[in-house]
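Visitor: Here you go, one structure.
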Amino acid sequence: MPELPEVETVKRTLNDLVNGKQIESVTVRLARIIQRPDDIQAFANLLAGHSIVKVERRGKFLRIVLDGLVLVSHLRMEGRYGLFSNEDPLDKHTHVIFHFTDGTELRYTDVRQFGTMHLFQIGEDLQLPPLNKLGQEPLEPSFTPERFKQIVSGKSTKIKSLLLNQEYIVGIGNIYVDESLHRAGIHPEVGAKDLSDDQLNQLHHAIVSTLAEAVNAGGSSVKSYVNGQGESGTYQQQLLIYGRKDQPCNHCGTMIEKTVVGGRGTHYCPSCQRKADN
């Protein structure tokens, strides 16, 4: 958490909140959040005077595009942004504050302190870590069934592990992989290369429809996720498989099971997603 739908929702709300605002100064209260440059005063100095043009998303990363710079931000487990008045009290977990010339502040809070920020000149960010090795965007028109088959072709890794690998397809984390595989009726431990064309078509459709529906619902607030306006997502109310261990499958009534695939807790229906059928 957060995954593509949650980051996409944060992107959209931040575009409504901060586009056009000019940064007067930056306060960094936890140095390790800032990964590039490695000097927090240099980070603050570089941003001062610049205005936010737009906020974009690449995989699970936010790209805060300014006039001449790009701030790449990863929320990790519990990072969040919010717009405040400069007179509002600070949360103790507020680690970075972007002070705007209009008296408002964009504050980054992170209870777990795992989030990161990288600052680049425009054009550098897509050529260097952490964005340079990211794979296919699953909600772009270029993610066709044919493109999906090219990505999967010949790979012996388990299909769940492949879908979690951000170098192949970006943004699909544990929640939406489990949901997509369940919709497609595919066991998470099946080897990617062993899937038929029909199964790959079904899985492609499941990935796209699941992510699109989650974006429309504002993401899934299964932990502490909120968008840039402090609002929770609602897609967790529609989850078919994730987090439902020992509950009946909505399709067949079989009790949902949980196992571990690639080090990640994995939910599946042993009846609808039979490994032997693949």
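The values are calculated or read from the model by the stated rules, or taken from the named source; none is laboratory data. As the structure is a prediction and not an experimental result, all values here were calculated from the model. Cβ sites come from the backbone with ideal geometry, for glycine too, and all protein chains shown count toward neighbours.
Visitor: Mind counting the residues in segment 131-145 that are more than 13 Å from S209 (Cα to Cα) and among the aliphatic types (A, V, I, L, M)?
Guide: Residues in segment 131-145 being more than 13 Å from S209 (Cα to Cα) and among the aliphatic types (A, V, I, L, M): 2 in total.
Visitor: Still on this model: Mind listing just one residue for me: the one in segment 101-132 that is in a loop (DSSP other than H, G, I, E, B) and among the β-branched types (V, I, T) and, of those, nearest to I64 (Cα to Cα)?
Guide: The selected residue is I122.
Visitor: When you scan segment 67-81, do you find a residue that is more than 16 Å from T116 (Cα to Cα), touching a helix residue (DSSP H, G or I) at 6+ places or on another chain (Cβ under 6 Å) and outside any helix (DSSP H, G or I), even just one?
Guide: no
Visitor: Right, here's the next one. For R112, work out the one condition from (1) touching a residue at least 24 places away in the same chain (Cβ under 8 Å); (2) surrounded by 19 or more Cβ atoms within 10 Å (Cβ to Cβ); (3) among the charged types (D, E, K, R); (4) outside the structural domain of Q199 (by TED's automatic domain parsing) it doesn't fulfil.
Guide: Evaluating R112 over (1) touching a residue at least 24 places away in the same chain (Cβ under 8 Å); (2) surrounded by 19 or more Cβ atoms within 10 Å (Cβ to Cβ); (3) among the charged types (D, E, K, R); (4) outside the structural domain of Q199 (by TED's automatic domain parsing) leaves (2) as the failure.
Visitor: Considering segment 86-104 alone, what residues qualify as being in contact with a Phe, Trp or Tyr (Cβ under 9 Å, 6 or more places away or on another chain) and surrounded by fewer than 21 Cβ atoms within 10 Å (Cβ to Cβ)?
Guide: N86, L90, T94, I97, T104
Visitor: Among R63, R107, which is closer than 14 Å to S25 by Cα, at pLDDT 95 or above and among the basic types (K, R)?
Guide: From the options R63, R107, the qualifying one is R107.
Visitor: Now, a different point. State all residues of segment 115-133 that are within 16 Å of the chain's Cα centre (by Cα) and either surrounded by 12 or more Cβ atoms within 10 Å (Cβ to Cβ) or within 10 Å of R36 (Cα to Cα) (or both); if no residue qualifies, say none.
Guide: Within segment 115-133, G115, T116, M117, P130, L131 qualify.
Visitor: For segment 223-242, enumerate the residues that are part of a loop (DSSP other than H, G, I, E, B), crowded, with 17+ Cβ neighbours inside 10 Å and at pLDDT below 85.
Guide: Residues satisfying the conditions are Y225, V226, N227, G228, G233.
Visitor: Among the helices (runs of 4 or more DSSP H) confined wholly to segment 143-217, which include 3 or more residues that are in contact (Cβ under 8 Å) with a residue 60 or more places away in the chain and surrounded by fewer than 22 Cβ atoms within 10 Å (Cβ to Cβ)?
Guide: 197-216
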